[in-house]
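The values are calculated or read from the model by the stated rules, or taken from the named source; none is laboratory data. Fair warning: this is a prediction, and the values are worked out from it, not measured in the lab. Here the Cβ is made from the backbone with ideal geometry for all residues, glycine too, and neighbour counts use every protein chain on show.
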Amino acid sequence: MDKKCICQETQRHFLNQAFDSLTLKDSQQELLLSSFRETRITVPVTLYHNGENTLHTFQGYRVQHNHSRGPFKGGLRFHPDVNMGEIQALAQLMTWKTALVDIPFGGAKGGIAVDPRKLSESELEELSRRFCQKMAPIIGVHKDIPAPDIGTNPQVMAWMLDEYSKTHGYRTAIVTGKPIALGGSAGRLEATGYGVAHLAHKAATALSLVPEHSKVVIQGFGNVGSHTAIGLANKGYKIIGLSDVNGGVMNTAGISIDQALAQITEQGTLTGLAGTSPISNADLLELSCDILVPAALEATITCDNADAIQAQLIVEAANMPITHRADDQLKQRGVVVVPDLLANVGGVLASYYEWVQNLQQFPWERDTVLSRLENRLSSTYETVSILAQEKKIDLRAAAYELAIQRVEQAIRLRGF
Ligand code: NAD
């Protein structure tokens with residue numbers, strides 16, 4: 001089964017468990033699972049190839065899953081594997097995340113099936129602007145607010161902000177994850193990893209793990225993985241394994257995060273990092289450690305390797321890195337999992353703060369953003385953890401139940 005199918009199956013499994021526990025009727029379940037609107041968008045762009053200009057037609061998507069609690073919110077992904085099924089699953093996950101962290105947004109996701117690395121900068125700009133033009137009728141500052149995701153970045157958001165503003169007037173709040181010079185928020189770049197580290201520390205403390213005596217392995221050293229590593233190292237944890245797409249590096253005595261960051265900046269890879277030994281990405285996951293943070297891809301922990309994982313705490317920095325069958329195996333062995341919809345919610349929370357600052361035309365200091373983020377993440381963690389203890393369920397089941405209840409209540413109160 002390909003990874004996207006596994007993800008859809010995994011998410012459906014977790015939702016079904018929560019629906020059963022909340023004793024929701026079939027009709028309520030159907031409403032919660034259905035998208036408000038699913039839009040396919042044709043994006044024609046002229047590409048310069050082999051010495052001539054050729055028209056290419058790309059397939060784009062914007063799925064607006066649910067807006068019962070506020071405007072749709074979710075990223076735009078530029079990746080060759082983007083398809084309607086994947087975008088539907090990710091749009092739904094956004095609805096549960098925004099509800100769980102209790103911000104006034106719904107859930108959406110979008111993207112284009114394209115490999116942005118194969119485009120020149122001007123082609124990428126044209127693609128981004130055309131996509132934004134075509135989405136313009138269905139997005140809006142109080143309607144649907146896109147953000148960056150895999151393959152897109154603050155520059156793509158800047159082009160979209162400019163394109164939208166041509167016909168609607170200057171509207172910084174139309175996208176989040178913008179460059180700070182155009183109304184982006186201080187702290188947004190590091191918010192997801194910073195939040196992962198904060199929640200990992202809370203969950204570790206609940207397991208009586210002491211930072212100085214706890215070993216951490218992180219798979220993926222991009223935006224989320226690197227900021228998680230910085231956050232955990234600052235708290236005193238010993239990072240003994242790291243990896244990127246090219247493979248992993250390990251040192252049981254601890255890896256210098258400053259050196260790893262410097263090498264990534266200079267060479268673009270962790271491979272050959274001084275003072276470390278090489279290790280494959282597969283073996284890295286099975287290293288003897290206390291905390292494992294998958295921060296790269298979906299479905300990295302499956303039935304095939306779940307029983308070999310030695311960590312007692314897994315923090316899902318990536319979206320859907322554990323399949324539901326692997327999750328069952330880990331649960332049976334008493335491994336605690338902080339689920340994606342809680343662990344990486346710092347990203348959308350910081351996006352919410354960016355939107356608020358844009359609406360108020362009043363930028364906050366980085367410390368204000370990060371302390372508000374920390375407080376909200378702490379209270380969300382406490383609420384999830386208390387529910388989990390009361391109902392004797394795991395953190396994932398508790399997080400899904402809380403999120404679904406909030407969305408269901410909003411639908412009911414508004415009258416669907
Ligand atoms: P990124 O592109 O910045 O980094 C991805 C990292 O994973 C890189 O180090 C890359 O080399 C590595 N990687 C890629 N393929 C790999 C492989 N096969 N094996 C091991 N490592 C591999 O992406 P990111 O923004 O850090 O996102 C990482 C994950 O976190 C994704 O699942 C994303 O959906 C999720 N996420 C990101 C945010 C955010 O704010 N960036 C928010 C929520 C969730």
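Couple of notes before you dig in:
- Among the residues of the stretch 22-58, those that are touching a helix residue (DSSP H, G or I) at 6+ places or on another chain (Cβ under 9 Å), within 22 Å of MET94 (Cβ to Cβ) and not hydrophobic (A, V, I, L, M, F, W, C) comprise GLN28, GLN29, SER35, GLU38, THR39, ARG40.
- Qualifying residue in the stretch 335-346 (condition: among the small types (Gly, Ala, Ser) and within 15 Å of the chain's Cα centre (by Cα)): yes
- Considering residues of the stretch 185-199 that are within 27 Å of GLN263 (Cβ to Cβ) and part of a loop (DSSP other than H, G, I, E, B) only, the residue farthest from the ligand (Cβ to nearest atom): ALA186
- When ALA136 is tested against (1) under 30 Å from ASN53 (Cβ atoms); (2) among the aliphatic types (A, V, I, L, M); (3) buried (at least 20 other Cβ atoms within 10 Å of the Cβ), only condition (3) is not met.
- Filtering VAL335, VAL345, VAL369 for residues that are β-branched (Val, Ile, Thr), more than 16 Å from the ligand (Cβ to nearest atom) and surrounded by 15 or more Cβ atoms within 10 Å (Cβ to Cβ) leaves a single hit, VAL335.
- Count of the stretch 142-177 residues which are charged (D, E, K, R), within 11 Å of the ligand (Cβ to nearest atom) and closer than 16 Å to ARG130 by Cα: 0
- Checking THR269 against (1) away from the ligand (no atom under 12 Å from the Cβ); (2) farther than 30 Å from ASP394 by Cβ, the condition it does not meet: (1)
- Taken together, THR300, THR252, THR323 contain a single residue that is surrounded by fewer than 21 Cβ atoms within 10 Å (Cβ to Cβ) and either touching a His at 6+ places or on another chain (Cβ under 8 Å) or among the β-branched types (Val, Ile, Thr) (or both), which is THR252.
- So GLN133, is it over 29 Å from ILE230 (Cβ atoms) and assigned to a helix (DSSP H, G or I): yes
- Hits in the stretch 200-248 (condition: out of contact with any Asp or Glu (no Cβ under 9 Å at 6 or more places or on another chain), buried (at least 24 other Cβ atoms within 10 Å of the Cβ) and assigned to a helix (DSSP H, G or I)): ALA200, VAL224, THR228, ALA229, LEU232
- Residue that is surrounded by the fewest Cβ atoms within 10 Å (Cβ to Cβ), among those in the stretch 161-199 that are touching a Pro at 6+ places or on another chain (Cβ under 9 Å) and free of Cβ contacts under 8 Å to residues at least 40 places away in the same chain: PRO179
- Filter pass, THR252 being more than 14 Å from the ligand (Cβ to nearest atom) and over 18 Å from ILE230 (Cβ atoms): yes
- Filter result (within 16 Å of the ligand (Cβ to nearest atom) and not charged (D, E, K, R)) within the stretch 66-82: GLY74, GLY75, LEU76, PHE78, HIS79, PRO80, VAL82
- Boolean, ILE218 is in contact with a Leu (Cβ under 9 Å, 6 or more places away or on another chain), farther than 26 Å from ASN153 by Cα, within 12 Å of the ligand (Cβ to nearest atom) and touching a residue at least 12 places away in the same chain (Cβ under 8 Å): no
- Boolean, ILE291 is in the same structural domain as VAL335 (by TED's automatic domain parsing), farther than 18 Å from GLY222 by Cβ, out of contact with any Asp or Glu (no Cβ under 8 Å at 6 or more places or on another chain) and surrounded by 22 or more Cβ atoms within 10 Å (Cβ to Cβ): yes
- Within the stretch 25-63, restricting attention to residues that are acidic (Asp, Glu) and assigned to a helix (DSSP H, G or I), the residue that is surrounded by the most Cβ atoms within 10 Å (Cβ to Cβ) is GLU30.
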